[in-house]
1. Considering every residue within segment 21-32, establish whether at least one is among the hydrophobic types (A, V, I, L, M, F, W, C), touching a Leu at 6+ places or on another chain (Cβ under 6 Å) and under 30 Å from residue 72 (Cβ atoms).
2. What number of residues within segment 76-93 satisfy the criterion of being within 15 Å of the chain's Cα centre (by Cα), closer than 29 Å to residue 9 by Cβ and open to solvent by 90 Å² or more (accessible area, probe 1.4 Å)?
3. Of the conditions (1) over 20 Å from residue 71 (Cα atoms); (2) within 17 Å of the chain's Cα centre (by Cα); (3) of a type outside the set (Ser, Thr, Tyr), residue 49 fails just one. Which one is it?
4. Give me the pairs, please: first residue somewhere in segment 34-61 and on the phi > 0 side of the Ramachandran plot and assigned to a helix (DSSP H, G or I), second residue anywhere and at pLDDT 95 or above and of a type in the set (D, E, K, R), beta-carbon distance under 6 Å, and either six or more positions apart or on two chains.
5. Go through (1) at pLDDT 95 or above; (2) exposed (fewer than 10 other Cβ atoms within 10 Å of the Cβ) and name the single condition residue 60 misses.
Amino acid sequence: MNGRKREIKDFLPTWELLAMVAEEAAELAQAALKLRRTLDDLNPTRITFDEALANFNEEWADVLLSVRQLNLIDENLVLNIMQQKKERWLNHLIENEEEGKKNGNA
């Protein structure tokens, strides 16, 4: 093997890796929706919560693997963006809760 560690990206062009990211992201979305269905009986599914959770974790691993093969991600930048989005999301939830209390919905 020439002493060099080979990677998936050594075999596939960037455009194909992007297609894999999209495919795996779609599968993750489906797994999330299936997992959600296990949380109540509104729209039951034949799989259990544990099965759905295992599938969700597998699809998340597939997304991470395919994204990391692109070698385009700045992990520090992504972490900073995540923190900013988390703060914005939390602020929105707090504002929504406070608005609900003002309107007597709490």
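The values are calculated or read from the model by the stated rules, or taken from the named source; none is laboratory data. Predicted model only: the values in this text are computed from it and were never measured. Because the Cβ atoms are built from the backbone with ideal geometry, glycine has one as well, and the counts that use them run over all protein chains shown. When the accessible area is computed, the model is the full protein with side chains, heavy atoms only, and any ligands, DNA or RNA have been set aside. Shrake-Rupley method; radii C 1.70, N 1.55, O 1.52, S 1.80 Å.
1. Checking segment 21-32: not a single residue is among the hydrophobic types (A, V, I, L, M, F, W, C), touching a Leu at 6+ places or on another chain (Cβ under 6 Å) and under 30 Å from residue 72 (Cβ atoms).
2. 3
3. Here residue 49 clears every test but (2).
4. none
5. Failed condition: (2).
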